[in-house]
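Data block below; observations after.
Every number here is computed from the coordinates shown, using simple stated rules; none is lab data. Values in this document were obtained by computation on a predicted structure and should not be read as measured data. Note: ideal-geometry Cβ built from the backbone for every residue, glycine included; neighbour counts use all protein chains shown.
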Amino acid sequence: MNIHEYQAKELLARHGVNVPSGQPCKSIEEAEQAARTLFDAGQTMVVIKSQIHAGGRGKGTFKSGFKGGVHLCKSVEDVVEKAKAMLGQVLVTKQTGPEGREVKTLLVASAEKIVKELYLAVLLDRNSSRPIVMASTEGGMDIEEVAEKTPEKIVKETVDPSMGLLPYQARKIAAALELPSELIGQAAKLLMGVYQTFWKCDASMVEINPLCIVENVDGTHGIAAVDAKISLDDNALYRHKDIVEMRDLGEEAPLEIEAGKYDLNYIKLDGNIACLVNGAGLAMATMDIIKHFGGDPANFLDVGGGATREQVTAAFRIILSDPNVKGILVNIFGGIMQCDVIAEGVVAAAKETNLSIPLVVRLEGNNVEIGKKILNESGLQLISGDTMADAAQKIVAAV
Amino acid sequence: MAILVTPETKVLVQGITGGFGGRHAKLSLDYGSQIVAGVTPGKGGQKFEDKVPVFDTVHQAVAETGATTSAIFVPPPFAADAILEGVDAGLDLVVCITEGIPVNDMVKVKRALQGSKTRLIGPNCPGIVTPGEGGGSSGGCRIGIAPGYIHKKGNIGVVSRSGTLTYEAVWQLTCRGVGQSTCVGIGGDPVNGTSHLDVIKMFNEDPDTHGIIMIGEIGGSAEEEAAAWIRDHCKKPVAGFIAGTTAPPGRRMGHAGAIVSGGKGTAEAKIAAFREAGIQVAETPSEMADVLLKIM
């Protein structure tokens, strides 16, 4: 699960990480109030940021034609004007795709005077099966590009999960970021906080880009998380009720939310051949084989080990609500499940949804002959596939 | 021989009184596997299927029955603890079927496994089958959720992250009259107990394994590591398949570990690593067995 920047900053602040003061605002009035509070407290510049899950907000453009999803403002009036142009509008960035995302929340925060931008992330290192802290002096940039072109500019520190990030490791990273001595202590404290946020919230990634050296009003320097992105481990959400409440369904594809209700793992793609498969690996391989034979998969769909009649019906409904879909390939390896039971489910689902597009069914496993007989005698216009290759070729030919 | 388990291996089932665990424990009994004990805290003293004694702790089950291996079917919030209980009881092998364990729990488990003698397979895996000589390969050792009857005793080792793709490969082999030594599902999570490479090394040493099918998928770099080792050390023919060529980057494809992130873990990179290591790559999952048999 992903959360918004303002929510990520809230979690970070809870763990002692210095984030610029600010407020999430869902109306012009709230934005005005938040801006007034900041200016009254002595801020001379305020930033207003669109809260959507996609990156590239600053360089994005609203469908209204208004440019920029992030703006610096010098007055309350300025904030109000910008908020009016942003709130409720659809922002298109390089990560949203052409459909864009509606901006329903704005983060109004103090605009820090940035001296230097750095990069910081905590994530799982799959090779060592341990958390890893990644930092770079090249902040504000695309870190993948940094890793590609100048890997020496990325420092990594592996964390022993039985001890957590140790203070000396935090200082080591701070020093590698070429921070001045007077900021090492403060930076180390921030690093410890970021790690704690990662570990205690069961995050799969915490990314601070940029992490900034900022100039305080009194001229001294400090360190702050100016932007923040957190993804959470779905498997651990059961123990974080407060974080689950941060879920924004408006940021997720409606069909994927619907699929989740039936324990179906569905991911929409751009093609026109839908597939319904049991098992994640086989589901991926089914997409691949459709492509291999010249077709274009419309989705990933894993019905899991059970594949009950109710699930299969829900899966058909979800698949068919994608207007691009011109054919369906059902590929089930009925290992423990009986193929006849699956066949009955497929027939019932096809009838219930008044299926009118080509359907190729490939069943393998227990009672496969009875299953095929049920399909053949169903009165449905369906095509039977013997192997995966056979079934894939048949559906590609049929659409 | 075979690897990891033989028809003689004594297996206990953690979570045997649950619906899922009970169903598969029964299937393993029917297959002829030595299911000698069950463990469910609070249900010690009961009998499963009127014959398998249930204990409150893994320690008791091991002391009473001599079980050396465990299959775990307990729900995700309690699975990490169940694995560690098996480790503490000194089991040789723990096979965790449970799907949905928090990653941080597995990070802690993996740390705790260091220096222990226990090998963990999984989690989020279909388990292990060493086929037997009876009808439908019965009489072998079935730990987990794989359909037993699709197997056939023989000399091909199969290792995969995915359950149904393992069945697909096994069934292709069996339909061509070719049997398997052992089939191992290592699971689809980002942190698992045993890697492709660990299993490949065991197959390489096993005199009863004459050829190997290795099935991988997007995410991580375990397939690349295995390929590098195979190139330099493996004495046996290996055929491979990688799932997820069409998977969009940044999306988790069902398995928690199946994700291309930061441009890493792509199917293209894995297929290239396979080819470079001399592994014969099946273009489609329909050809996994044929590709191997061609080089045997």
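Rounded to the nearest 20 Debye, what is the dipole magnitude of the protein assembly as shown about its Cα centre when Lys and Arg each give +1 and Asp and Glu each give -1 at the C-beta?
Numbers: 67 positive and 82 negative charges, 38 e Å.
Dipole of the protein assembly as shown, to the nearest 20 debye: 180 debye.
Find the eigenvalues of the gyration tensor of the Cα atoms of segment A:18-61, then list the square roots of 5 times those eigenvalues as equivalent ellipsoid semi-axes, largest first, in whole angstrom.
Working: eigenvalues 87, 34, 19 Å².
For segment A:18-61, the semi-axes come out at 21, 13, 10 Å.
Once Lys and Arg get +1 and Asp and Glu get -1 on their Cβ, which of A:Leu166, A:Leu264, B:Gly15 lies farthest toward the positive end of the dipole of the protein assembly as shown?
Looking along the dipole axis, the top candidate is B:Gly15.
Could you pull out the GluC sites (Glu not before Pro) across segment A:138-182 that fall in loop regions by DSSP (anything but H, G, I, E, B) with no more than 12 other Cβ atoms inside 10 Å?
Numbers: sites: A:Glu138, A:Glu144, A:Glu145, A:Glu148, A:Glu152, A:Glu157, A:Glu178, A:Glu182; in loops: A:Glu138, A:Glu178.
Of the GluC sites (Glu not before Pro), the ones in loops of segment A:138-182 whose Cβ has at most 12 other Cβ atoms within 10 Å are A:Glu178.
Need the C-alpha centroid separation for segment B:45-77 versus segment A:327-365, integer Å.
Each part's Cα centre sits 38 Å from the other's.
Using Cβ contacts closer than 10 Å as the measure, can you line up B:Asp92, B:Asp105 from fewest to most? Spell out each step's value before the answer.
Working: B:Asp92 15, B:Asp105 23.
Fewest to most other Cβ atoms nearby, the residues stand as B:Asp92, B:Asp105.
For the protein assembly as shown, what does the helix formula give at 222 nm: sum of -39500 (n - 2.57) over DSSP H segments with n ≥ 4, over the residue count, nearest 500 deg cm²/dmol? Let's see the in-between values first.
On the way: 22 runs with 240 residues, N = 695.
Result for the protein assembly as shown: -10500 deg cm²/dmol, rounded to the nearest 500.
Would you mind classifying chain A by shape? Square roots of the alpha carbon gyration tensor eigenvalues, ordered a ≥ b ≥ c; an a/c under 1.5 is rounded, otherwise it is prolate if a/b is larger than b/c and oblate if not. Kindly include the intermediate steps, with their values, before the conclusion.
Details: a/c = 2.82, a/b = 1.93, b/c = 1.46.
Because a/c hits 1.5 or more and a/b exceeds b/c, chain A counts as prolate.
When a/c reaches 1.5 or more, the comparison of a/b and b/c decides; with that in mind, is segment B:152-295 rounded, prolate or oblate per its Cα gyration tensor?
Prolate, because a/c is 1.5 or more and a/b exceeds b/c.
Could you give the Stokes-Einstein D for segment B:10-121 in µm² per second, using the C-alpha Kirkwood radius, 37 °C, 0.692 mPa s? Please report the intermediate quantities before stating the final value.
Values: Rh = 13.7 Å.
Using the Kirkwood radius from Cα pairs, D works out to 239 µm²/s.
Could you work out which residue, out of B:Lys236, B:Lys51, B:Lys201, moves most in a Gaussian network model of chain B, that is, has the largest mean-square fluctuation with Cα springs under 10 Å?
Most flexible of the set in this elastic network: B:Lys51.
Run through the DSSP bridge list for segment B:152-295 and note the antiparallel percent, rounded to the nearest 5.
On the way: 1 of 19 bridges.
Around 5 percent antiparallel, to the nearest 5.
With charges only on Cβ, +1 for K and R and -1 for D and E, what is the dipole size of segment B:195-296 about its Cα centre, in debye, rounded to 20? Before the final figure, lay out the partial values.
Working: 10 positive and 14 negative charges, 49 e Å.
Dipole of segment B:195-296, to the nearest 20 debye: 240 debye.
Just to be sure I understand: of the beta bridges DSSP finds with both ends in segment B:10-121, what percent are antiparallel, rounded to 5? Intermediate results must be reported in sequence, preceding the final value.
Details: 2 of 20 bridges.
Bridges in segment B:10-121 are about 10 percent antiparallel.
Output the relative contact order of segment B:152-295, whole-number percent, from Cα pairs under 8 angstrom with separation of 6+ residues. Mind dumping the intermediate values first?
On the way: 288 pairs, mean separation 36.5, N = 144.
Answer for segment B:152-295 is 25 percent.
At a 10 Å Cβ-Cβ cut-off, how would you order A:Tyr119, A:Tyr266, B:Tyr149, B:Tyr167, fewest neighbours first? Numbers along the way, then the final one.
On the way: A:Tyr119 23, A:Tyr266 26, B:Tyr149 18, B:Tyr167 30.
So the ranking, lowest neighbour count to highest, is B:Tyr149, A:Tyr119, A:Tyr266, B:Tyr167.
Inverting the mean 1/r over all pairs of different Cα atoms, compute the Kirkwood radius of chain B and quote it in Å. Can you show the working numbers first?
Details: mean 1/r = 0.0526 Å⁻¹.
Computed over chain B, the radius equals 19.0 Å.
Hey, got the dipole for chain B? About the Cα centre, +1 on K and R Cβ, -1 on D and E Cβ, debye to the nearest 20? Let's see the in-between values first.
On the way: 26 positive and 29 negative charges, 24 e Å.
Around 120 debye, computed over chain B.
Would you mind calculating the relative contact order of segment B:1-155 from Cα pairs under 8 angstrom and at least 6 residues apart, reporting the percent as a whole number? Could the numbers behind the result be given before it?
On the way: 350 pairs, mean separation 35.4, N = 155.
Relative contact order here is 23 percent.
Looking only at Cα atoms, what is the convex hull volume of segment B:52-193 per residue, in Å³? Display every interim value, and only then the final one.
Numbers: hull volume 15.2 nm³, N = 142.
Roughly 107 Å³ of hull volume per residue.
Give me the number: length gained by fully extending B:Arg111 to B:Asp88, i.e. 0.36 nm times residue separation minus the C-alpha to C-alpha distance, one decimal in nm.
My answer for the length gained is 6.9 nm.
Taking springs between alpha-carbon atoms closer than 10 angstrom, which of B:Ala282, B:Ala272, B:Ala67 fluctuates most in the Gaussian network model of chain B?
Looking only at B:Ala282, B:Ala272, B:Ala67, the largest GNM fluctuation is found for B:Ala272.
What's the local net charge at A:Glu157, with K and R +1, D and E -1, over the other residues with C-beta under 11 Å away? The partial results should precede the final answer.
Values: positive: A:Arg130, A:Lys156, A:Arg171, A:Lys172; negative: A:Asp125, A:Asp160.
Computed value for this residue: +2.
Does segment B:145-222 come out rounded, prolate or oblate, given a ≥ b ≥ c as the square roots of the eigenvalues of its C-alpha gyration tensor, rounded meaning a/c under 1.5 and, failing that, prolate meaning a/b above b/c?
Details: a/c = 2.19, a/b = 1.36, b/c = 1.61.
Cα axes put segment B:145-222 in the oblate bin.
When only alpha-carbon atoms count, how far does the protein assembly as shown stretch along each of its three principal axes, as whole angstroms with the largest first?
For the protein assembly as shown, the Cα spread along each principal axis is 83, 59, 52 Å.
Please check: in the Gaussian network model of chain A (C-alpha springs, under 10 Å), which one of A:Leu91, A:Leu355, A:Leu165 has the largest mean-square fluctuation.
A:Leu355
If each of B:Cys175 and A:Glu215 carries a label point 7 Å out from its Cα toward its Cβ, how far apart are those two points in nm?
In this crude label model, B:Cys175 to A:Glu215 measures out at 7.2 nm.
Can you give the relative contact order of chain A as a percent, counting alpha carbon pairs under 8 Å and 6+ residues apart?
On the way: 832 pairs, mean separation 49.2, N = 399.
Worked out over chain A, it gives 12 percent.
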